[in-house]
Amino acid sequence: MRVHAQLLRQFADDDIWNPVSLAEYDILYALETAGCRLHARDIQKAVLLSQPTLSRTVERLEKRGFVERDPDPQDGRAALVSLTPAGRKARTVVGRKHALAITQRLGAALRPDELDTLTELLDKVEKGNTP
């Protein structure tokens, strides 16, 4: 948990979060990874945001044209959130810079074979924790 918190602080301090913040990027990434429209509750499973913060952040993204919200035809009280082309572009631009920052940070601390092992282990943990 300490390493996770440390890395998140370092990533948040990176000068790469334009045109979206780290929290906004996480939402765009969750939507792109899903490849479909999602309910807020499904987005929340993929990001580290409380429900009120998630709602406000999605609203900001919608106002800036990065996501769209449409009524859920199955549940009139709910909305489905989808990524717009502008949102996809913003995610790609920031994502490239973020991937480089991750590679530089971890590459400075680990040898290539250790990075391969870390990737393999994290993939194994993720697959083991998938419902």
_Debye, to nearest 20: dipole size of the chain, +1 on Lys, Arg Cβ, -1 on Asp, Glu Cβ_ = 280 debye
*Determine, from the Cβ-Cβ distance of residue 118 and residue 78 and an R0 of 30 Å, the FRET efficiency 1/(1 + (r/R0)^6), rounded to the nearest 0.05.*
0.20
*With an 8 Å cut-off on Cα pairs and a minimum separation of 6 or more residues, tell me the relative contact order of the chain in percent.*
25 percent
_Dipole of region 56-107 [Lys/Arg +1, Asp/Glu -1 at C-beta], most positive-end residue of 65, 94, 81_ = 94
*In deg cm²/dmol and to the nearest 500, what is the mean residue ellipticity at 222 nm of the chain if only DSSP H runs of at least 4 residues count, each as -39500 (n - 2.57), divided by the residue total?*
-21500 deg cm²/dmol
*For the chain, find the longest principal axis of its Cα atoms and tell me its angle to the long axis of helix 22-34, 0 to 90°, nearest 10.*
80 degrees
*Can you flag which of 63/97; 97/124; 89/124 are past 28 Å Cα-Cα?*
89/124
*What is region 32-121 by shape, rounded, prolate or oblate, if you read a ≥ b ≥ c off the alpha carbon gyration tensor as root eigenvalues and call it rounded for a/c under 1.5, prolate for a/b larger than b/c, and oblate otherwise?*
prolate
*Taking the Cα atoms only, what angle lies between the long axis of helix 51-63 and the longest principal axis of the chain, rounded to 10 degrees?*
70 degrees
_Phi-based couplings in Hz for region 94-104 (Karplus 6.51, -1.76, 1.60; Gly and Pro marked x)_ = 5, x, 5, 5, 5, 4, 5, 4, 4, 4, 5
*What is the set of long-range amide H partners of residue 80 at a cut-off below 5 Å, with H atoms built 1.01 Å from backbone N?*
70, 72
*Please give the helix 2-13 orientation as an angle from the longest Cα principal axis of the chain, in degrees from 0 to 90, rounded to the nearest 10.*
70 degrees
*From the phi of every residue in region 109-126, what ³J(HN,Hα) in whole Hz does the Karplus formula 6.51 cos²θ - 1.76 cosθ + 1.60 yield, where θ is phi - 60° and glycine or proline is x?*
9, 10, 6, x, 5, 5, 4, 4, 5, 4, 4, 4, 5, 5, 4, 5, 5, 4
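Read the figures in this text as sums done on the coordinates, not as results from a lab. Only a predicted model underlies this, so the values are computations on that prediction, with no experimental measurement involved. Glycine also receives a Cβ, built like all others from the backbone with ideal geometry; neighbour counts cover every protein chain displayed.
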